[in-house]
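J.: Next up is a structure, given as structure tokens.
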Protein chains: 2
Amino acid sequence: MGTPGAEPPGAEEEVRAANAAFYAAFEACDLDVMAEVWERSDRVVVTHPGWPTLRGWQKVFGSWEAIFRNTSFIQFVLTDEQVVVCGATAWVTLDENILQAQGSPDEGGAADTAELSGSRVAATNVFVHDGARWRLVLHHGSPVGV
Amino acid sequence: MGTPGAEPPGAEEEVRAANAAFYAAFEACDLDVMAEVWERSDRVVVTHPGWPTLRGWQKVFGSWEAIFRNTSFIQFVLTDEQVVVCGATAWVTLDENILQAQGSPDEGGAADTAELSGSRVAATNVFVHDGARWRLVLHHGSPVGV
């Protein structure tokens, strides 16, 4: 989708790839890879499901540290993904169908032994092109069915 | 805030005004005014707190019909509002501090008699400039503290 004629060819595919990289970093619980996905600036913002909104790269990064520290396993099946590109900005909306196990990865809470729980989160991800690539500037996830 | 030098002067104030118009329409439960706030296209999307994501103007409009039909009173105090303008796209993040009464407006459920409840919602609103004015293309609200 997107405004016809306003975007360079392939922009939508680039945004899909950037969005996939975000979820790959999340599944891997890899802070370095996650940091590469984001624009590291004051204007970035994250709202995790049920959390208050956190602003600025320092707080956003801190939230990923906390989440990864308490996640031994997480898997996403992404459905109903829609990409809109509008110039140098793009947003992706989708459903995150999540299977996860809580607890520290160091505590032996492997996926095969820990208790798995499922949930669905409606997500909005906003990306900005920095001249070289698309960077995540906003992630908003909210529980569906509460 | 916003990317320095990339936006026309006054764009941030215009976005703040468009965002305020959205909440004014919501408080008034006025469908005609709400319809004026939005871009009426296939790419618009809304995620109400706890709801699945709805796509396209027809479904978005239907959701406002349903919400207004079941709201006799709603008042917003908006806090922690942040506006980012990026070319012809802008996004606003804020907290909606909500006081509301459910029930049909026609059932005499006025604010002075109906039971009021309070809640907080973290919201993301994305606007696109259509050449004349800013139009809402995405509203995502999620309950805080669930």
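Each value in this text was obtained by applying a stated rule to the coordinates, not by laboratory testing. None of the values given here were measured: they were computed from a predicted structure. So basically every Cβ, Gly included, is an ideal-geometry build from the backbone, and we count neighbours across all protein chains shown.
J.: Sort B:62-68, B:40-46 by packing, meaning the average of other beta carbons within 10 Å per residue, with the highest value first.
T.: Averaged packing, sorted descending, gives the order B:40-46, B:62-68.
J.: Write down the Kirkwood hydrodynamic radius of the protein assembly as shown, to one decimal in angstroms, obtained as one divided by the mean of 1/r over all alpha carbon pairs.
T.: 19.8
J.: Using a label point 7 angstrom from Cα along Cα-to-C-beta, what distances in nm, from shortest up, separate A:ALA24 from the other copies?
T.: 4.7
J.: Just to check I understand the Karplus step: with θ = phi - 60° and J = 6.51 cos²θ - 1.76 cosθ + 1.60, what whole-Hz values come out for the range B:47-60, glycine and proline as x?
T.: Result, ordered by residue: 10, 7, x, x, 8, x, 6, 10, 10, x, 4, 4, 6, 4 Hz.
J.: Can you find, among B:PHE22, A:TRP134, A:MET34, the residue sitting farthest towards the positive end of the charge dipole of the protein assembly as shown, where Lys and Arg contribute +1 and Asp and Glu -1 at Cβ?
T.: The residue sitting most towards the positive pole is A:TRP134.
J.: Report the antiparallel proportion of the DSSP beta bridges in the range B:27-146 as a percent, rounded to a multiple of 5. Spell out each step's value before the answer.
T.: On the way: 36 of 40 bridges.
Antiparallel bridges make up about 90 percent of those DSSP assigns within the range B:27-146.
J.: Tell me which of A:LEU94, A:SER63, A:ALA11 sits at the most positive position along the dipole axis of the protein assembly as shown, charges placed on C-beta atoms (Lys, Arg +1; Asp, Glu -1).
T.: The listed residue farthest towards the positive side: A:ALA11.
J.: Using the Karplus curve 6.51 cos²θ - 1.76 cosθ + 1.60 with θ = phi - 60°, what ³J(HN,Hα) values do you get for each residue of the range B:83-91, in whole Hz, with x for Gly and Pro?
T.: Karplus values, whole Hz, x for Gly and Pro: 10, 10, 10, 9, x, 8, 10, 8, 9.
J.: Sort out for me the Cα centre separation of the range A:37-65 from the range B:31-97, rounded to whole Å.
T.: Rounded to whole Å, the Cα centres lie 22 Å apart.
J.: Could you give the dipole magnitude of the protein assembly as shown about its Cα centre, charging the beta-carbon of Lys and Arg +1 and that of Asp and Glu -1, in debye to the nearest 20?
T.: 160
J.: Just tell me how shielded B:29-39 is by partners: mean number of partner chain Cβ atoms within 10 Å of each residue's Cβ, no decimals.
T.: 0
J.: Could you pull the copy-to-copy label distances for B:GLN58, with points set 7 Å along Cα to Cβ, in nm to one decimal and sorted shortest first?
T.: 5.0
J.: For the range A:37-146, compute Rg over Rh where Rg is the Cα radius of gyration and Rh is the Kirkwood radius from the inverse mean 1/r over Cα pairs.
T.: When Rh is taken as the Kirkwood radius, the ratio is 1.00.
J.: Using amide H atoms built in the peptide plane, which far-off residues or other-chain residues are under 5 Å from A:SER41 H to H?
T.: Those qualifying (amide H under 5 Å, at least 5 residues apart or on another chain) are A:TRP57.
J.: Distances in nm, one decimal, shortest first, from B:LEU78 to the same residue in every other copy, taking the label point 7 angstrom along Cα→Cβ.
T.: In ascending order, 3.0 nm.
J.: Taking the Cα centre as origin and putting +1 on Lys and Arg beta-carbons and -1 on Asp and Glu beta-carbons, what dipole magnitude results for chain A, to the nearest 20 debye?
T.: 500
J.: A follow-up question, please. For B:ARG135, list long-range residues whose amide hydrogen, built 1.01 Å from N in the peptide plane, is under 5 Å from its own amide hydrogen.
T.: For B:ARG135, the qualifying residues are B:VAL128, B:HIS129, B:ASP130.
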